[in-house]
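For reference, the structure discussed in these notes is given below.
Just so you know, all these numbers are worked out from the coordinates, no wet-lab data involved. Note that this is a predicted model, so its numbers are computed, not measured. Cβ coordinates were reconstructed from backbone atoms using ideal geometry, including for glycine residues, and neighbour counts include every protein chain displayed.
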Amino acid sequence: MRFTLITGASMGIGEAFARECARRGQHLILVARSGDRLKALAEELRLESGVTVRVCVEDLSDAESPTRIYEFCRKQHVGVDFLVNCAGLSHAGDFDDIPTGKLEEIMMVNMMAMARLTRLLLPDMVARRGGCIINIASLGALQGVPGLGLYSATKAFVVTLSEALYGELKGKGVKVVAVCPGFINTGFFERAGHNRANLRLPISETGVVVKAAMKGLKKNSVRVYPTLIDRVLVFSQRLVSRKIVIGLARFIAAVKDS
């Protein structure tokens with residue numbers, strides 16, 4: 001049996017992907033560090049959709065977690081032909097205020113875990129000439145966002161690696177898409193210490209991201225912007241200087257209280 005592996009699956013966009021993939025009849029491997037929430041979701045999806053759901057409880061801030069996830073798949077005798085790298089962390093505030101441990105944790109989860117897990121699972125997809133990889137980035141990847149500097153930098157890594165893989169895997173049967181949403185209704189802001197009441201753009205639901213990602217995958221897009229506002233903001237960057245782009249990003253994110 002072939003499986004879809006989703007990181008960050010216990011809540012937010014990852015949970016939304018799990019529900020949609022189960023609805024489509026895809027067997028699942030759900031990865032997150034919240035074991036109780038993962039197990040409850042897995043049982044719900046088994047009952048609702050009749051798919052096989054395996055739970056792999058891992059903290060992706062641990063450098064060895066991608067290897068353990070890969071070994072979990074091997075011991076379970078399952079192959080992964082659909083990978084959704086959804087796990088992500090942030091910290092709202094100036095760069096020089098980020099605790100050292102938090103800095104390393106964000107980089108590990110947002111970049112290294114994504115890259116390592118993709119590297120481990122990709123050769124099998126290439127060998128079978130079939131597979132899909134969805135990497136969740138952010139509109140913040142397109143410029144530095146004051147107050148979210150490290151987060152925006154890590155998401156830029158996600159976008160550029162995805163684009164490189166898109167080019168490398170052309171003609172090999174494996175699709176790669178980077179999804180760049182704006183503000184999404186998850187628990188992300190609270191965990192990052194970002195006051196969502198300050199945001200100066202609408203907050204979209206997680207289903208919008210999943211629908212756009214699946215559509216983009218079908219169209220073999222390299223980047224996906226889920227909403228019209230996202231696309232307008234991206235286009236507007238062509239018309240102004242980078243200084244203005246950065247200032248606008250600061251205004252929209254509004255990390256600091258006025």
Q) For the pair N220 and R238, how long in nm is the line joining their label points, each one 7 Å along Cα→Cβ? A) 2.3 nm
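Fully extended, how many nm does the chain gain between M1 and L103 (0.36 nm per residue separation, minus their Cα-Cα distance)?
Working: separation 102, 0.36 × 102 = 36.72 nm, distance 3.82 nm.
Roughly 32.9 nm would be gained on extension.
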Q. Which value, in debye to the nearest 20, describes the size of the charge dipole of the chain about its Cα centre when Lys and Arg Cβ atoms bear +1, Asp and Glu Cβ atoms bear -1, and nothing else is charged?
A. 1100 debye
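Quick check: net charge around V126, other residues with Cβ under 10 Å of its Cβ, Lys/Arg +1 and Asp/Glu -1?
Details: positive: R128, R129, K172; negative: D124, E168.
Net of charged neighbours comes to +1.
Would you please give the FRET efficiency between I246 and E71, computed as 1/(1 + (r/R0)^6) with r the Cβ-Cβ distance and R0 = 51 Å, to the nearest 0.05? Don't skip to the answer; put the middle values down first.
Details: r = 43 Å, r/R0 = 0.83.
The computed FRET efficiency comes out at 0.75.
So for the stretch 1-143, Kirkwood radius off the Cα pairs, Stokes-Einstein at 20 °C and 1.002 mPa s: how many µm² s⁻¹?
Details: Rh = 15.6 Å.
Estimated via Stokes-Einstein, D reaches 138 µm²/s.
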Q | Estimated translational D of the stretch 199-258 in µm²/s (Stokes, Kirkwood radius over Cα pairs; 4 °C; 1.567 mPa s) | A | 98 µm²/s
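Order by neighbour count: F251, F72, fewest other Cβ atoms within 10 Å first, most last.
Details: F251 10, F72 18.
Lowest to highest Cβ neighbour count: F251, F72.
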Q | For the chain, with +1 on Lys and Arg beta carbons and -1 on Asp and Glu, the positive-most of C132, G149, T186 along the dipole | A | C132
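How far, in nm, would the chain grow between E205 and K39 when pulled straight, counting 0.36 nm per residue and subtracting the alpha carbon separation?
Numbers: separation 166, 0.36 × 166 = 59.76 nm, distance 2.33 nm.
Stretched fully, the E205-K39 segment lengthens by 57.4 nm.
In what sequence, highest mean first, do 43-53, 235-245, 86-96 appear when ranked by Cβ atoms within 10 angstrom? List each step's numbers first, then the result.
Numbers: 43-53: 15.2, 235-245: 10.9, 86-96: 19.6.
Final packing ranking: 86-96, 43-53, 235-245.
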Q: Under a cut-off of 16 Å between alpha-carbon atoms, report the aspartates and glutamates in cross-link reach of K218, not counting same-chain residues fewer than 8 places apart.
A: E20, D81
Q. Given springs between every Cα pair under 10 Å in a Gaussian network model of the chain, which of V126, V224, V210 has the largest fluctuation?
A. V126
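What ranking do 150-157, 202-209 get when scored by the average of other Cβ atoms within 10 Å per residue, highest first? Walk me through the numbers on the way to the answer.
On the way: 150-157: 21.4, 202-209: 16.8.
My ranking of the peptides, most packed first, is 150-157, 202-209.
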Q. Which of G167, G149, G12 moves most in a GNM of the chain, Cα contacts under 10 Å?
A. G167
